[in-house]
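Novice: Got a structure for you, written out below as structure tokens; questions coming shortly.
The values are calculated or read from the model by the stated rules, or taken from the named source; none is laboratory data. In this text the structure is predicted, and so the values were computed from the model without any measurement. Heads up, the Cβs are rebuilt from the backbone with ideal geometry, glycines too, and the neighbour counts pull from every protein chain shown.
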Amino acid sequence: MNLAYHDILVDLAPDIPGIKGEPENLKDAVTFLKRGTNFYDPEQYNDHISVFFEFFNSIYPYIQKESIKYMTDSADDSIVSLFEKMLSPLRTYHPDIVGFSQLILPQRELIMALAHAVKACDIPVVLGGASLWYNPEAYLSCVNHIDVSDIFDVIVYGEGEIPLKLLIQGEPLENIPSILYNSPPIIKNERECIHNLDEIPCPDFSDFSLRGYYSPEIVLPLLTSRGCYWGKCTFCTHHKSYNIYRSNSTEHVISTIKTLQTRYNASYFLIADEMVHPHRFEQLASTIQKEGLTIRMYSEAKPTNQFTLPRLQNMYAAGVRVLLWGVESGTQRILDLMNKGTTVSEIESVLRHSDTAGIWNMVFMMVHYPTQTVKEIEHDIQFLQKNARYIHTVTCSPFQLQVGSHMYENPEKFGITHIEPADQFSPVCEYSTTHAPESEFPAGSRAISDVPLYPDLPSKDYLSKKYSVECIVLSDISWYFGKMRDHLLLYADFLSDDPL
Ligand code: SF4
């Protein structure tokens, strides 16, 4: 449905009122991204991808608002038309059950509206996805005037494979793990996870129009582990989605890659693990070469000294072309506060070695960590500038305090004095801080809110803007690669010594 959503909106774009950007150029932009003969011309790429993002970024708030109105039959004609078109295969196919996956919260309104329409056709609806770890009861209730109490039949709040299989087989709800349903009252069954990931079969993409996606080559996702082997960062809640860390055996990963390559003629893979451990990477890389697989990969990793130059060269030889490093900050005090388990000097040496090995480095940064000072943010920018020659793309995100993080559980350790209760649907909380004692700050630095940097803008906005501009300036070729990681992998391969 994701592809259908985008394709239909591209067709409807010129008729949707009040949307910013160049909707009249959207079709050309999408055609270019799908099959552009000049896809690897950075100037043309950036022109087209910016048209795409300007439209889809500006239309999203409108879709969210209209989705809620759709549930009370008062949405605009263009949205009714969008939904009719998205749901038309359903009317001809008549599935026994429809499942929605809500990976991130902003998908919520659209999913609710679509599920509302599916339910009206008397088809049972199941909701799952990574964001459902937080307060899944809300999806069976009436919250903030949004009544979803009779839309979803079952909510899956853990891993979906086993619950979905049992549901389809008609198992009684009380026997199905990791689900909630409204009996009434709301019943929440025990959560279970799959301990041996090798039991899960190779993903089946045969119902997807893989050639229809917005990329000139097929790029497939590949999950080789669940959870994070580190799991200690003080801001992180990823452990809430996957509970415990588990990984596939090397043999299983290799066999999955071989199957996907043969079935779909795919050679590009986005490894979707939270982080791949350096030792696992070494094993995978060596086996991929031994088996003679010709593939290209993107993955995420934690920049520790275990990523030595020989190891990174081995990974390059196996086809790794891009690594997204969870750098977060170039300031040691902040890294320690985050409990990242990294040092600034090892981050710098990993970036250098990775670049020497021929791998593109994408750097992920975080800004506005509690107690972070203006001087420390400026120091982070200097860190990026200093290492710019080894960095291909930078992306940054503002800190968010989330229910379930170590920081949320121990606010006093981070200078947090007050936390507002979270929204029923979202784990993100508003909070206030006192500044840490002077002695905890590096000499001469002050906490962000002490400094009236710009008369008309709160200092936070000013710094975020400054930081974002730096991220754009420091990103080679395209800043959009931070969002379009399949395109990033294709470019990194195309510009490498031995492109496919
Ligand atoms: S931020 Fe990344 S490395 Fe840290 S615990 Fe979360 S997933 Fe693991």
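Novice: Mind counting the residues in segment 275-307 that are among the hydroxyl-bearing types (Ser, Thr, Tyr) and more than 21 Å from residue 393 (Cα to Cα)?
Specialist: 3
Novice: If residue 88 satisfies every condition in (1) surrounded by 14 or more Cβ atoms within 10 Å (Cβ to Cβ); (2) in a helix (DSSP H, G or I) but one, which is the exception?
Specialist: (1)
Novice: Being within 16 Å of the ligand (Cβ to nearest atom) and crowded, with 17+ Cβ neighbours inside 10 Å is the filter here; which residues of segment 277-288 pass it?
Specialist: If the condition is that a residue be within 16 Å of the ligand (Cβ to nearest atom) and crowded, with 17+ Cβ neighbours inside 10 Å, then 277, 278, 280, 281 are the ones that fit.
Novice: Within the group 377, 419, which residue is under 12 Å from residue 432 (Cα atoms) and either in contact (Cβ under 8 Å) with a residue 12 or more places away in the chain or in contact with an Asp or Glu (Cβ under 9 Å, 6 or more places away or on another chain) (or both)?
Specialist: The match here is 419.
Novice: Another one. With the condition kept exactly as written, say whether any residue in segment 241-255 is surrounded by fewer than 19 Cβ atoms within 10 Å (Cβ to Cβ) and aromatic (Phe, Trp, Tyr).
Specialist: yes
Novice: Which residue, of 327, 320, is in the same structural domain as residue 234 (by TED's automatic domain parsing), modelled with pLDDT of 95 or more and within 16 Å of the ligand (Cβ to nearest atom)?
Specialist: The match here is 327.
Novice: So, one more: If I go through segment 340-366 residue by residue, how many of them are of a type in the set (Lys, Arg) and either surrounded by fewer than 23 Cβ atoms within 10 Å (Cβ to Cβ) or under 21 Å from residue 480 (Cα atoms) (or both)?
Specialist: Summing the residues that are of a type in the set (Lys, Arg) and either surrounded by fewer than 23 Cβ atoms within 10 Å (Cβ to Cβ) or under 21 Å from residue 480 (Cα atoms) (or both) in segment 340-366 gives 1.
Novice: Could you list, in sequence order, the residues of segment 233-261 that are assigned to a helix (DSSP H, G or I) and either within 16 Å of the ligand (Cβ to nearest atom) or within 30 Å of residue 402 (Cα to Cα) (or both)?
Specialist: Across segment 233-261, the qualifying residues are 238, 239, 240, 241, 242.
Novice: Across segment 32-68, which residue is nearest to the chain's Cα centre (by Cα) among those that are hydroxyl-bearing (Ser, Thr, Tyr) and part of a loop (DSSP other than H, G, I, E, B)?
Specialist: 40
Novice: When you scan segment 143-190, how many residues do you find that are assigned to a loop (DSSP other than H, G, I, E, B) and of a type outside the set (S, T, N, Q)?
Specialist: The total comes to 18.
Novice: Can you pull out every residue in segment 231-275 that is more than 17 Å from residue 194 (Cβ to Cβ), small (Gly, Ala, Ser) and at pLDDT below 95?
Specialist: 231 - this is the single residue of segment 231-275 that is more than 17 Å from residue 194 (Cβ to Cβ), small (Gly, Ala, Ser) and at pLDDT below 95.
Novice: Then there is this: Among the residues of segment 164-220, what is the count of those that are touching a Phe, Trp or Tyr at 6+ places or on another chain (Cβ under 7 Å) and in contact (Cβ under 8 Å) with a residue 60 or more places away in the chain?
Specialist: The number of residues fulfilling the criteria is 3.
Novice: Next question. May I ask you to list pairs of residues, at least six apart or on different chains, whose Cβ atoms are under 7 Å apart, with the first in segment 224-246 being within 15 Å of residue 157 (Cβ to Cβ) and the second being crowded, with 20+ Cβ neighbours inside 10 Å and polar (S, T, N, Q)?
Specialist: Pairs that qualify, where the first residue is within 15 Å of residue 157 (Cβ to Cβ) and the partner is crowded, with 20+ Cβ neighbours inside 10 Å and polar (S, T, N, Q), are 237/405.
Novice: So, in segment 262-276, exactly how many residues are more than 16 Å from the ligand (Cβ to nearest atom) and β-branched (Val, Ile, Thr)?
Specialist: Qualifying residue count for the region: 1.
Novice: Name the residues in segment 300-317 that are surrounded by fewer than 23 Cβ atoms within 10 Å (Cβ to Cβ) and either within 16 Å of the ligand (Cβ to nearest atom) or free of Cβ contacts under 8 Å to residues at least 24 places away in the same chain (or both), would you?
Specialist: 300, 304, 305, 306, 310
Novice: Kindly list the number of the only condition in (1) buried (at least 19 other Cβ atoms within 10 Å of the Cβ); (2) of a type outside the set (Lys, Arg); (3) within 11 Å of the ligand (Cβ to nearest atom) that fails for residue 229.
Specialist: (1)
Novice: Residues of segment 147-178 being buried (at least 18 other Cβ atoms within 10 Å of the Cβ) and over 12 Å from residue 99 (Cβ atoms), which ones?
Specialist: 148, 151, 157, 158, 159, 162, 176, 178
Novice: In the set 329, 405, which member is among the hydroxyl-bearing types (Ser, Thr, Tyr) and in contact with a helix residue (DSSP H, G or I) (Cβ under 6 Å, 6 or more places away or on another chain)?
Specialist: Of 329, 405, the one residue that is among the hydroxyl-bearing types (Ser, Thr, Tyr) and in contact with a helix residue (DSSP H, G or I) (Cβ under 6 Å, 6 or more places away or on another chain) is 329.
Novice: So if I check each of 334, 347, 359, which one is within 14 Å of the ligand (Cβ to nearest atom) and touching a strand residue (DSSP E or B) at 6+ places or on another chain (Cβ under 6 Å)?
Specialist: Only one candidate passes the filter, namely 347.
Novice: Restricting to segment 207-228, count the residues that are closer than 26 Å to residue 491 by Cα and part of a loop (DSSP other than H, G, I, E, B).
Specialist: 10
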